[in-house]
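This report concerns only the one structure given below.
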């Protein structure tokens, strides 16, 4: 190969490498960008008076004297709204029957939207559900409700095509006592809700209330940490011991080939299979718990990540120079002492690489914990209950909120907040392992 051809190939490979790097960064920005932007909205947003009132009444967090002043101002701003609703209800009795039927369904929708936007009218009996006791807690959601209140949408089918048609509700109720309500709401909604920028750090620690309509993700975050750490505590010792056996004790032969084939096969098994196996073996056969539990979930996750740790540890042990082992044995150290004091410390950075990869997978897996550990709602178990109780978890609750929640759009910020928290948790765990690995490498070189 002449020099010109070699240079062309070098430039081609360099260009391909740069292109692949740029493509990967762009893909990360496209995927993670919206998650970070919208996920941050679960922590930093324009919270209304209803949000501050909820925190004060349920978590005793806030300025009570200031809240009393704001409530007085808000009630004065909302009073004309309820007066208009009462006046229209009285007027309905005097309208002709046809006009009354025409306006009744529209008024029911208006009344419902006003209640969802501002909360129940003063004097209304309290509801068992917090969602029926408060108005909109976020200004962005309040603006969506306000738009639905001011305009009604219908669908017009022409030539097989459906077209959305927006009509002002003010026109529908023109000439009635309810007509002034719509310009009033358009101009005074901010005064009725008093939005201001809020940093809600409690999203990470507060429990959820009323199916995640209110509160935070504290139990889900704690449950994910329990499951991840439990899986790592179970998988790391067995994975490293298995790698030591494969490299230092096992003899080459059919038995070793079969064992390594089994490890490779386990690495490719779908995660849902591990979940079903965990339910059938750990819960129904071994009876490690009477039902779903953190222990059963951790055992299942540990089994799933075990092949990754074994292979990474085996490669790390194989990469240790043979002269290290020979020097230790020449000084009189036995095989086990050599492994513990020489080989494992030298292989530890490589072992941590497998731990980092496994930790991220264990924290983000959903299928293995569906049948063994995760529940949709509830409190995280105490330390004394980890062997017997189930737990909420971020990955399962993300799926649950996105697919099975009764009001998906109303908890959209919670969904993105959970994804954002899960990604940041995995990044934090990985960063901690990377920093530890770098320090070990520096110590070994020193």
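The values are calculated or read from the model by the stated rules, or taken from the named source; none is laboratory data. Computed from a prediction, not measured in an experiment: that's the story for all the values here. All Cβ positions, even for glycine, are placed from backbone atoms using ideal geometry, and neighbour counts span all protein chains on display.
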Exercise for review: Give 20, 16 a once-over and let me know the one that is loosely packed, with under 11 Cβ neighbours inside 10 Å and within 31 Å of the chain's Cα centre (by Cα).
Suggested key: 20
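Just for the range 280-293: of the residues that are touching a residue at least 24 places away in the same chain (Cβ under 8 Å) and surrounded by fewer than 19 Cβ atoms within 10 Å (Cβ to Cβ), which one is nearest to residue 313 (Cα to Cα)?
Within the range 280-293, the first condition is being touching a residue at least 24 places away in the same chain (Cβ under 8 Å), and the residues that meet it are 282-283, 288-293.
If we keep only those that are surrounded by fewer than 19 Cβ atoms within 10 Å (Cβ to Cβ) too, we end up with 288, 290-291.
Details: 288: 28, 290: 34, 291: 33 Å.
Among residues in the range 280-293 that are touching a residue at least 24 places away in the same chain (Cβ under 8 Å) and surrounded by fewer than 19 Cβ atoms within 10 Å (Cβ to Cβ), the one nearest to residue 313 (Cα to Cα) is 288.
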Point to revise | Test: residue 241 is touching a residue at least 12 places away in the same chain (Cβ under 8 Å), assigned to a helix (DSSP H, G or I), within 38 Å of the chain's Cα centre (by Cα) and under 18 Å from residue 358 (Cβ atoms) | key: no
Exercise for review: Go through the residues of the range 395-407 one by one and say whether even a single one is crowded, with 21+ Cβ neighbours inside 10 Å, touching a strand residue (DSSP E or B) at 6+ places or on another chain (Cβ under 7 Å) and closer than 25 Å to residue 44 by Cα.
Suggested key: yes
Review point. Looking at the range 365-387, is at least one residue assigned to a strand (DSSP E or B), touching a helix residue (DSSP H, G or I) at 6+ places or on another chain (Cβ under 7 Å), touching a residue at least 60 places away in the same chain (Cβ under 8 Å) and buried (at least 20 other Cβ atoms within 10 Å of the Cβ)?
Key: yes
Review point. Which residue out of 73, 87 is out of contact with any strand residue (DSSP E or B) (no Cβ under 9 Å at 6 or more places or on another chain), closer than 26 Å to residue 214 by Cα and at pLDDT 90 or above?
Key: 73
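Quick one: would you say residue 6 is more than 30 Å from residue 201 (Cβ to Cβ) and modelled with pLDDT under 85?
On the way: more than 30 Å from residue 201 (Cβ to Cβ): yes; modelled with pLDDT under 85: yes.
It is true that residue 6 is more than 30 Å from residue 201 (Cβ to Cβ) and modelled with pLDDT under 85.
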Exercise for review: Could you grab me the full set of residues in the range 96-141 that are within 12 Å of residue 50 (Cα to Cα), part of a helix (DSSP H, G or I) and touching a strand residue (DSSP E or B) at 6+ places or on another chain (Cβ under 9 Å)?
Suggested key: 130, 131, 139
Review point. For the range 255-350, which helices (runs of 4 or more DSSP H) that fit wholly inside it have 1 or more residues that are modelled with pLDDT of 90 or more?
Key: 271-277, 294-318
